[in-house]
Each structure stands twice: as C-alpha cells, then as structure tokens.
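Presented below is the structure to which this report refers.
The values are calculated or read from the model by the stated rules, or taken from the named source; none is laboratory data. Fair warning: this is a prediction, and the values are worked out from it, not measured in the lab. All Cβ positions, glycine included, derive from the backbone under ideal geometry; neighbour counts span all protein chains shown. Accessible surface areas use protein heavy atoms only, side chains included; no ligands, DNA or RNA. Shrake-Rupley method; radii C 1.70, N 1.55, O 1.52, S 1.80 Å.
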Amino acid sequence: FPSHDMPEEEEKEDGTISLEEFNSIENGMTYDQVVEIIGGEGVVQSEVGGEGEQFHTIMYSWDGETGFGANASVTFQGGVVESKAQFGLDF
C-alpha cells in the first residue's frame, strides 16, 4: 500500500520563520534547538573566531514567512543563543 502521510499544518518544514517561532527562541538555546523550532537551517551571515574558542560567534538569518524582505537573525556565542533580532515578521 502506498503511504499517504499528510503532514499536519503545524509541521511546516519550509525553513522560514514566523513571529511565533521567533518569540519561542530564547537565550541559551543551541543552534539545533533553534533549527527544530524554525524547521530549517539558517544562512551564516557572519562568523568571528573558531569553533571551540571562548568568543566564537556566528550570526544566522532566516527569511520570514510573511512580508516582503521579512527576516530574523540569531547570534550564537559559544554555541548558544546570545541575541536575536527580526524585521517585518507579522503575526
């Protein structure tokens, strides 16, 4: 029998970020936890230092689900969320 697994509406794996998802991201979360919330990998915007260094900092961005040019960026320091910002994310 062919399987017809229909994803539930909550299970959108398109890698874009909504305001609700953005608001779920908290300082101290790992990159993997953030990817799980958003449903896709981010794009590296900048990186300072190297993996394992005390001040290794990476900023990732994701496109917003709504609005032209909407996006969010999350900065990780030492492997965990240090700050986040968003532009144009609606409900």
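Brief remarks on what is shown
- Any hit, segment 71-86, residues being modelled with pLDDT under 95 and either open to solvent by 90 Å² or more (accessible area, probe 1.4 Å) or not acidic (Asp, Glu) (or both): yes
- So Val74, is it free of Cβ contacts under 8 Å to residues at least 40 places away in the same chain and hydrophobic (A, V, I, L, M, F, W, C): no
- Residue satisfying all of: in segment 52-68; among the acidic types (Asp, Glu) and in a loop (DSSP other than H, G, I, E, B); nearest to Gly42 (Cα to Cα) among these: Glu65
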